[in-house]
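Derivation of every value follows stated rules applied to the coordinates shown; laboratory data play no part. As the structure is a computational prediction, the values presented were derived from the model and not from experiment. All Cβ positions, even for glycine, are placed from backbone atoms using ideal geometry, and neighbour counts span all protein chains on display.
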2 protein chains.
Amino acid sequence: MTTVSTKPYLIRAIHEWCVDQGFTPYLAAVVDRNTLVPPGAARDGQIVLNVGYDATHELSIGNELITFQARFGGVAHSLAIPVGNVVAIYARENGQGMAFEVEGGAAGDEDDGAEEAAAPEAGSAEETPDGDSAGAAGSRPAGGRGSHLKIVK
Amino acid sequence: MTTVSTKPYLIRAIHEWCVDQGFTPYLAAVVDRNTLVPPGAARDGQIVLNVGYDATHELSIGNELITFQARFGGVAHSLAIPVGNVVAIYARENGQGMAFEVEGGAAGDEDDGAEEAAAPEAGSAEETPDGDSAGAAGSRPAGGRGSHLKIVK
């Protein structure tokens, strides 16, 4: 049996924490040929998605793949994000959560130690392309105030 | 509603990951007046416990308190560890897991950033006081090879 990384377990943990605390879980991911996201939803090669139960349907956070349906511009889309592409999961309301090293991602520093991650900017995270409750939540995480994310490898 | 910390969620996540992967989850905690552990089981103010389902009965990892029963020297004991006292949870087999900042604990560096934590030594972690499958698993975590733990605050 191949050992599964702790990453999907930690993503599920932070997602559950957000939901239990009444926070909105935002998932930041690198968009590449392995991701399925609506055309034009990525910015600078990344996407930030509201993965709360209110904003998604049939959300599944598996050990390899995160899948769900969400509305963009009023149109339902199916999304698929490999766990390996996930850069961060955090609460929109306070930025608390967890960031991960992703090759080619914004957090892709190759240093071996854990580091303080770039925190999503609350402002950019609240932009939505079309005002739907679901969908792309803003641009890629950028350095900002209120950083609570730590990179975990 | 008071916001619960992410810590108990992360402890449950690593515990579940260990169990799913067939690893033995070891929990390191600071022993003080808030903990209930068998007399003499602590070393240097800390205890390392096997919290696998094979080694415990009625294990509950709550948001505030971790409780279970385990055998020490053939005698069943009830244990209670506040989540705040937990220094680390990791797989005995490879040291992978997560470490936390605990005031007064071995990992109690007050630096604000995340850091590489002291990894438990595989050797000391395999000592058991009486050869039971359950119970105190060794001394407090010390710096060692194969460190995979990162401190999360």
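Take B:Glu64, push a point 7 Å out from Cα through the beta-carbon direction, and compare it with the same point in every other copy: 4.2 nm, smallest first. Between copies, A:Tyr53 shows label-point distances of 2.4 nm, shortest first, with the point placed 7 angstrom from Cα along Cα to C-beta. Other residues within the sphere of radius under 14 Å centred on the Cβ of A:Ala80, judged by their own Cβ, net out at -2 (K and R +1, D and E -1).
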